[in-house]
Amino acid sequence: MQKEVIKEAESVEKAVELAAAELNVAVDELTVEVLQEPQKKAFGLFGGTPAKIRATLPEKDAAAAAVAFLEDVLAKMGVEQVTVSVKEEDGHYTLSLEGEDLGFIIGRRGDTLDALQYLTSLVANRVGGSYHRISINIGNYREKREKTLSGLARKAAIQAAKTGRNTSLEPMNPYERRIIHTAVQKVEGATSYSVGSEPNRHVVIAPSEDNPVESRPARRRGGRGGNGGNNRPNRGERRSDALPERPVREVRKFVPRSNPVNNAEDYAPPERTQSETENKATLYGRIDL
């Protein structure tokens with residue numbers, strides 16, 4: 001979207017300066033059309049007209065602005081002999097870098113490349129009035145990274161669907177988290193969601209609600225108070241089922257064999273008794289205690 005203003009001043013140069021100040025740009029960025037030349041007053045008192053101009057700020061190409069910014073940053077980083085090519089598809093610009101020794105621009109797991117992409121996107125979207133998505137790629141790094149993340153997500157999703165356990169992945173940027181979610185959606189019995197805040201926001205892959213496999217953490221939480229949600233009896237139930245009930249043993253009444261002595265004054269000692277065995281026993285003599 002082009003921006004234009006019409007200004008009047010004593011001279012064309014003054015009118016152009018007023019237009020540049022209003023549009024907050026440099027004078028050389030404007031396209032100026034003189035609508036009226038200034039005319040001096042007759043005898044310094046009568047007539048005379050000011051200069052009138054139309055200043056237009058042409059719309060810049062977002063891709064050109066992105067390339068110019070990226071080349072400037074790379075030059076300050078000491079990167080020489082690098083070629084930047086642009087590919088546009090439905091408002092999405094992909095800037096591909098080609099050259100030697102560009103591995104350090106990628107950084108650890110693409111951190112440096114993602115930072116350059118973010119800054120370049122900010123510069124490109126300041127141009128014009130529409131939004132443009134900017135991506136920076138080096139040697140098909142994005143394709144290789146996407147393939148690696150998709151494989152990792154699929155493996156974790158299959159494991160979550162089979163075992164019922166959650167898997168937390170490392171922190172990732174929104175683009176990589178989107179790749180993970182897309183890959184998990186293709187695995188039946190698994191789901192994914194993001195937790196945390198930037199820059200530590202990460203993806204958790206878990207069994208879905210329609211997964212027939214119960215979650216193992218739930219069984220561990222319930223293991224102390226019950227059987228943990230499974231169909232197996234607990235230890236006490238297995239023991240009671242395996243062993244028959246024991247009959248209650250009858251407690252025999254105690255029969256004293258001797259007469260203890262009590263020191264109480266009103267105590268009457270019981271009669272001396274003999275057991276059946278004692279009566280039938282053959283003894284040479286008997287001693288009463």
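The numbers here are math on the coordinates, done by the rules we state, and not lab data. The model shown is predicted, which means the values in this text are computed figures rather than measured ones. Heads up, the Cβs are rebuilt from the backbone with ideal geometry, glycines too, and the neighbour counts pull from every protein chain shown.
Computed quantities for the displayed model
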quantity	calculated
Extension gain, Q36 back to E13 (0.36 nm per residue minus Cα-Cα distance, nm)	7.0 nm
FRET efficiency, 1/(1 + (r/R0)^6) with R0 25 Å, evaluated for L119 and T83 via beta carbons	0.80
Sparse-neighbourhood loop sites, trypsin sites (Lys or Arg not before Pro) in the stretch 35-117 - DSSP loop, at most 16 other Cβ within 10 angstrom	K40, K41, K60
Anisotropy class of the stretch 3-57 from Cα gyration tensor, a/c 1.5 cut	prolate
Cα-Cα over 26 Å, subset of K3/K40; K76/K147; K3/K52; K76/K144; K87/K155; K162/K186	K3/K40; K76/K147; K76/K144; K87/K155
Coil-residue chymotrypsin sites (Phe, Trp or Tyr not before Pro) of the stretch 82-180, DSSP, other Cβ within 10 Å capped at 16	Y131
Cleavage-rule hits, GluC sites (Glu not before Pro), the stretch 141-207, DSSP coil, Cβ neighbours within 10 Å at most 12	E188
